[in-house]
Amino acid sequence: MRSIPDEQFRSWSHGLLRSDEKSYAELFEASYDALFRYASYITHDQAAASDILQDVYLKLWQVRETIDPERSLRALMYQMVRNFALNHERQRKRHAAEAIEDDHPSVRFDTVNDDELDAAKLKENLQLWIDEMPQRRREAFMLSRFEGLSHEEIASLMDLAPKTVNNHIVLALQHIRKKLDAFREMESSFD
Amino acid sequence: MKREHTYHLPTEALEGLNEAQQRDIQDMWDLCGAVAPITPAAQRKADVKAHVMAAIRDERERENPRPALRLVRSSDLFASVSYRIAAVAAAMVVGLAVVLSPDADHYRALPGAVAEQITLSDGTDVLLAAGSRLSVPGSFGSEDRTVVLHGEAFFEVEPSALPFVVKTADARTTVLGTSFNVRSWPGSMSEATEVIVESGRVAVANKELEAIVEPGEAVTVSPFALTPVETTPSYRLAWRDGGFSYDNVLIGTIIDDVERRFDVQVKAPASIRLRPVTIHRNEVTDAAEFLGDIAATISVRYRATANGFEMYLD
């Protein structure tokens, strides 16, 4: 949603105040994918993510008349997704070990080309290394790396200091570095 | 699948690191470009959209024979309704933010003060609590007198043949001429709408239920429930004079009010926020003192921080 200008969001805010269905449908199309990804980062469950998004869009329409066009609708929507997703997680009583993402595309080994195998394996492992990070670190990292949110935006969303957000991101990258080094060492020992 | 955008490593991330470390994290940032993006299943997305748009249309159809909430009374309450933009004068009052648009006027009482006074074009006085927002549509005064509230306000409604309606996230509150208090903070720990009547009679409704509320009485409203609550109006309305008055209310809710009233941030863990407490203070002028009182009541500690306060366990 980074690419969508503030003006556009302000226009959608006014659309909400007018109960404009067409405007809302546009907002839905433009924002769904990014918010879906965010819900998935938190829940690791695509089915849950779409349920959460449905609740968010319904709730947003419900409270539409109280929208303040001067405040960021984009930030509000991220915040709503976060609240609903965390609530969902709390209710689900998660077990200690975090599950591997269900949506991870399965790697296809239909070629025996070594380079391709390596690249595919690397991709799979990258995903794993990101998944095994602590929840909040991963959330902050994903928002920065894949959603383009600024430190301030992430800080505001997650109720952290911007410095803490920065630490999370640096630590996340350093974690990946360590894992990659270990991985490469292991790989080279098989040559 | 190609990503929509490639984002750059924020420069702050490089601060305090040596060259080798900086190269490392830049490399890892770039490497992450190989991670497959999550894409929603197209069919499921279409289903969600269909469901949401259908719900919107259903609601529109339900609202369009208007629910029979109008208490239309006899002629001795007529007042001439002339639409004046007198409310704009209220914008001159410091602390009130007004946004004019062709369709509605939006008022917001900025945090950091007790409340802001607004007079609407029909003569109704509204006292808007800190951080609260009131929207007055362009049609106010023509077919009805409807306003939309996010927050808390005390209304002294000018008698008129046109019903005065306050819409909040979960409720519609309808009156002819009376004084009453409405509180609605969606997204907070206590997000139900609460209505307390000082004088006159008020009809309060959600999508399913409706009730008449008499002077001295109060109700809370959520999407599917409408329940009377025991309350002492003189306490509950103490906010109008800068008081804080709570009867078995979650500390999280009290903290929200303190933040808006004094324009500070108060950090507190969930274990503190979820505790209910009873506390009544008139005319509070010092946030620290009031927070100190709360802290003492439940035996926790508090301290000042850079932009406010923090409450914490021993």
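Values quoted throughout were computed directly from the atomic coordinates according to the rules given, and no laboratory measurement underlies them. The structure displayed is predicted, hence computed values, not measured ones. Backbone-built Cβ (ideal geometry, glycine too); neighbour counts: all protein chains shown.
Calculated on the Cα set of segment B:190-241, radius of gyration then Dmax: 11.1, 35 Å.
Using only alpha-carbon positions in chain A, the gyration tensor eigenvalues give semi-axes of 36, 18, 16 Å once each is multiplied by 5 and square-rooted (largest first).
Where the centre of each part is set by its Cα atoms, how far does segment B:293-314 sit from segment B:138-169, in angstrom? Centre-to-centre distance over Cα atoms comes out at 39 Å. Ordered by the count of other Cβ atoms within 10 Å of each Cβ, fewest first, A:HIS14, B:HIS280 give B:HIS280, A:HIS14. Exposure proxy for A:TYR57, B:TYR235: other Cβ atoms within 10 Å of each Cβ, ordered fewest to most, give B:TYR235, A:TYR57. Of the complete DSSP H runs in chain A, none spans 27 angstrom or more by Cα along the long axis with a mean Kyte-Doolittle score not below 0.5. Kirkwood hydrodynamic radius computed over segment A:133-177 comes to 10.0 Å, based on all pairs of distinct alpha carbons.
Calculated FRET efficiency, B:GLU210 to B:GLU19, Cβ-Cβ distance, R0 = 60 Å: about 0.30 to the nearest 0.05. In this structure the amide hydrogen of B:VAL229, modeled in the peptide plane, comes within under 5 Å of the amide hydrogens of B:ALA218, B:VAL219, B:THR220, none closer than 5 places in sequence on its chain. Mean separation of Cα pairs under 8 Å and 6 or more residues apart, divided by the residue count, gives chain A a relative contact order of 21 percent.
The distance from the alpha carbon centre of segment A:113-191 to that of segment B:215-243 is 50 Å, rounded to a whole number. Across peptide A:64-77, the mean count of Cβ atoms from other chains lying within 10 Å of each residue's own Cβ comes to 4. The mean number of Cβ atoms from other chains found within 10 Å of a Cβ in peptide B:45-53 is 5, as a whole number.
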